[in-house]
1. Suppose a student asked you for the relative contact order of the range 85-126, using Cα pairs under 8 Å spaced at least 6 residues apart; what percent would you report?
2. If each residue of separation counts as 0.36 nm, what is the full-extension length gain between residue 103 and residue 78 once their alpha-carbon separation is subtracted?
3. Test of understanding: ordering 81, 102 by Cβ neighbours within 10 Å, fewest first, what list do you get?
4. Once the mean 1/r over all distinct Cα pairs of the range 85-126 is inverted, what Kirkwood radius in angstroms do you read off?
5. What distance in nm separates the simple spin-label points at residue 13 and residue 51, each placed 7 Å from Cα in the Cβ direction?
6. Could you give the Stokes-Einstein D for the range 6-126 in µm² per second, using the C-alpha Kirkwood radius, 10 °C, 1.306 mPa s?
């Protein structure tokens, strides 16, 4: 903020803003004992639902916790792509959008409409 704005701001408002920023960083979410007991069984370690969907999202198994098998990581060095060998199952473009429209969200369809010549979506195995 520039100094002129701070000079014109009432002191009580500056105090209120300072208290707000000082206390909001300490707020923590708390889960009930039942919710915490679901972690690892029905929920992932981050609290998301473990179960997949009938239409395609695979169930979370925790298979990729940590580094992928055979991957050696070095601090400060970007790891190699563990999926470099995978090829897309299909590519969705504006030309074949109608075929896959029922699997896409409205935002994704809007991007295809806005950039029909350049936007494409590659679909990989999950």
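Read the figures in this text as sums done on the coordinates, not as results from a lab. The model shown is predicted, which means the values in this text are computed figures rather than measured ones. So basically every Cβ, Gly included, is an ideal-geometry build from the backbone, and we count neighbours across all protein chains shown.
1. The normalised contact order for the range 85-126 reaches 62 percent.
2. Between residue 103 and residue 78, full extension yields 5.7 nm more.
3. Listed from fewest to most nearby Cβ atoms, that is 102, 81.
4. 10.7 Å
5. For the pair residue 13/residue 51, the computed spacing is 5.1 nm.
6. So the translational diffusion coefficient is about 79 µm²/s.
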